[in-house]
Amino acid sequence: MTLLIGTLSGGLMVTFCISALVIGFGASYLVWQVALRNKSRKIISEAEAEAEVTRKEKILQAKERFLQLKTEHEKVINEKNNWIGQAENRIKQKEQVLSQKIEETQRKRNEAESIRENLTAQLELVDKKSEEVARLHKQQVEQLEAISSYSAEEAKNHLIESLKEEAKTGAMSYVNEILDEAKMTANKEAKRIVVQTIQRVAAENAIENAVTVFHIESDEMKGRIIGREGRNIRALEAATGVEIIVDDTPEAIVLSAFDPIRREVARLALHQLVTDGRIHPARIEEMVEKTRKQVEEEILEIGKRTTIDLGIHGLHPELIRLIGKMKYRSSYGQNLLMHSREVANLCAIMAAELGLNPKLAKRAGLLHDIGKVPDDEPELPHAILGMKMAEKYKEKPEICNAIGSHHDETEMTTLLAPIVQVCDAISGARPGARREVVESYIKRLKELESLALQYPGVTKTYAIQAGRELRVIVGAEKVTDKEAEGLSFEIARKIQNEMVYPGQIKITVIRETRAVNYAK
């Protein structure tokens, strides 16, 4: 019984628990459904609110865009209207101007018509008067013919013949007087002009030689310049192309080269090396390159100063540089720059005496020898080369002709040309025999250098010892030691076949390998 009661009690308890669980789940489901429905309504209301805000924003943006487009459209329309208005105003102005021109043309046409009518009437009156004059002239001629027993044509011919004879006689006597006077005064006047011109110009002549003496403070410095096993002096000769002679002459070193610019570069570089005290191959090359740039700047400055001193303006910069190079060139016993300045002053004075343009004459006198200092050496006389260079740099034709004809290589076409020729002869005053010797010597040395420079791998060539030795510098990366020997033989054979020279020429090919790096 007790067990039965216990069993029934347990079943009730289970049933009660299951019922309570079912009721709990149902209540929870109902609560969850209510909460979910409330949350859905809330989300929907929020979405509707956001959609309403978004719709209003879009409407507002659309209105702003519409207003912006409307403003831009109105602006474009206003601009077009303004442009159309301006165009209409221009058209109206043109119409007014055209109407004024038409009225003025009509007025002038009316005036021309009235003038033409007046001229027609006057011409008719002139024709009548002319007929009257012709009739009276005919009557007078007939009366004169009857009185003189000559016809009008015969009288005219007789008068012409008599006037011809009288004019010939007078003209011949006048011409003879002029010729006699010219013969008497021409030589005297020409001599006067030349003498006065020479008297008014004082020139300093500087004799240039092929050597420069460099003075040093002590003979101890000679050893430092020579360097260990002669490497310093070899580096200096290779960099400058100048032969350096160190002998027993106390406190002096001789620099020998036919090119005065090379000698000047070597002299200045040696002076700076001696002053600085650091003498070694690397320093020598650095100083030579620096000095070469300084000399180029000095050449340009000399050219500018010369043109300013002479009052010559508008020269091409390359012509100014060539004028500066004249300082380092000797013209047969005279410094070429001093010679050219002297010729320029002589030309200006002589042109002024003869009533010509002194500025053009001075310009032609200064430029007459620029063919002696070109950067390259074409096979042309210096006068022709100078004329071509002047033409290249846009000088006037009369100046070019004066430059090209001052040694009679071309025909003289202006009065300026003989003035330049005469003044060059006055300033030169040099013997003709020496001129040919010096020119052939310089030409032979330059041909010697240019001949060797044509070979591949050759970077520099220097003719030294008055042309008895040719030093050829080759690039180590382009020419091997074996090829250097063959190159020396080929250059010697070509010189033998193509050139004429006294004695013998030593060809030295120098090949040097350098390794350069920088510690950073």
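Residues considered: Asp424, Asp376, Asp408. Of these, the only one that is buried (at least 21 other Cβ atoms within 10 Å of the Cβ) and charged (D, E, K, R) is Asp424.
Among what's in segment 231-273 and is among the small types (Gly, Ala, Ser) and within 34 Å of the chain's Cα centre (by Cα), pick the residue that is farthest from Met326 (Cα to Cα). Lay out the reasoning, then the answer.
Of the residues in segment 231-273, the ones among the small types (Gly, Ala, Ser) are 235, 238-239, 241, 252, 256-257, 266, 269.
Checking the rest, the ones that are also within 34 Å of the chain's Cα centre (by Cα) come to 238-239, 241, 257, 266, 269.
Values: Ala238: 25, Ala239: 23, Gly241: 20, Ala257: 17, Ala266: 18, Ala269: 21 Å.
Among them, the one singled out is Ala238.
For segment 307-329, filtered to residues that are part of a helix (DSSP H, G or I) and in contact with a Lys or Arg (Cβ under 7 Å, 6 or more places away or on another chain), the residue that is modelled with the lowest pLDDT is Leu310.
Is it fair to say Leu322 is aliphatic (A, V, I, L, M) and either more than 26 Å from Tyr441 (Cα to Cα) or open to solvent by less than 50 Å² (accessible area, probe 1.4 Å) (or both)? Explain how you work it out, then say what you get.
Details: aliphatic (A, V, I, L, M): yes; either more than 26 Å from Tyr441 (Cα to Cα) or open to solvent by less than 50 Å² (accessible area, probe 1.4 Å) (or both): yes.
In short, yes.
Contact map, segment 483-498: residues that are surrounded by fewer than 16 Cβ atoms within 10 Å (Cβ to Cβ) paired with residues that are in a helix (DSSP H, G or I) and of a type outside the set (Phe, Trp, Tyr), Cβ distance under 8 Å, separation 6+ or inter-chain. Pairs shown: Lys494/Leu451; Glu498/Leu451. Listed by first and then second residue, the pairs linking a residue in segment 449-461 that is more than 16 Å from Phe258 (Cβ to Cβ) and touching a residue at least 24 places away in the same chain (Cβ under 8 Å) to a residue that is open to solvent by 60 Å² or more (accessible area, probe 1.4 Å) and of a type in the set (D, E, K, R), with Cβ atoms under 8 Å apart and 6 or more places separating them unless they lie on different chains, are Tyr455/Glu490; Gly457/Lys478; Gly457/Glu483.
Could you pull out the residue among Arg262, Arg267 that is assigned to a helix (DSSP H, G or I), surrounded by 15 or more Cβ atoms within 10 Å (Cβ to Cβ) and touching a strand residue (DSSP E or B) at 6+ places or on another chain (Cβ under 6 Å)?
Working: Arg262 fails: touching a strand residue (DSSP E or B) at 6+ places or on another chain (Cβ under 6 Å).
After ruling out the rest, the residue left standing is Arg267.
Taking Ala155 as the residue in question, decide whether it is exposed (fewer than 10 other Cβ atoms within 10 Å of the Cβ), assigned to a helix (DSSP H, G or I) and at pLDDT below 75. No.
Applying the criterion of being among the polar types (S, T, N, Q) and over 40 Å from the mean Cα position of the chain (by Cα) to the residues of segment 489-508, the residue that is farthest from Leu453 (Cα to Cα) is Gln504. Here Gly303 meets each of (1) open to solvent by 30 Å² or more (accessible area, probe 1.4 Å); (2) outside any loop (DSSP other than H, G, I, E, B); (3) not charged (D, E, K, R) with one exception, condition (1). Checking each residue in segment 194-248 for being of a type in the set (Ser, Thr, Tyr) and either at pLDDT below 70 or more than 30 Å from Ala425 (Cα to Cα) (or both) picks out Thr197, Ser218, Thr240.
Do we have any residue at all in segment 259-274 that's free of Cβ contacts under 8 Å to residues at least 12 places away in the same chain and at negative phi? No, segment 259-274 contains no residue that is free of Cβ contacts under 8 Å to residues at least 12 places away in the same chain and at negative phi. Of all the numbered requirements in (1) in a helix (DSSP H, G or I); (2) among the hydroxyl-bearing types (Ser, Thr, Tyr); (3) over 30 Å from Lys394 (Cβ atoms), Thr249 misses one, and that requirement is (1). Taking the criterion of being modelled with pLDDT of 85 or more, in a loop (DSSP other than H, G, I, E, B) and touching a helix residue (DSSP H, G or I) at 6+ places or on another chain (Cβ under 7 Å), the only residue of segment 371-394 that qualifies is Tyr393. Just one of the listed residues (Ala383, Ala361) is in contact with a Leu (Cβ under 7 Å, 6 or more places away or on another chain), open to solvent by less than 10 Å² (accessible area, probe 1.4 Å) and either in contact (Cβ under 8 Å) with a residue 12 or more places away in the chain or over 12 Å from Gln421 (Cα atoms) (or both), and it is Ala361.
Search segment 396-414 for residues that are modelled with pLDDT of 85 or more and pair each with any residue that is among the small types (Gly, Ala, Ser) and part of a loop (DSSP other than H, G, I, E, B) when their beta-carbon atoms are under 7 Å apart and the residues are at least 6 apart or on different chains. What qualifies is Glu411/Ser405; Met412/Ser405.
The values are calculated or read from the model by the stated rules, or taken from the named source; none is laboratory data. Here the structure is a predicted model, which means the values were calculated and not measured. Cβ sites come from the backbone with ideal geometry, for glycine too, and all protein chains shown count toward neighbours. The area values use the complete protein model at the heavy-atom level, side chains included, leaving out ligands, DNA and RNA. Shrake-Rupley method; radii C 1.70, N 1.55, O 1.52, S 1.80 Å.
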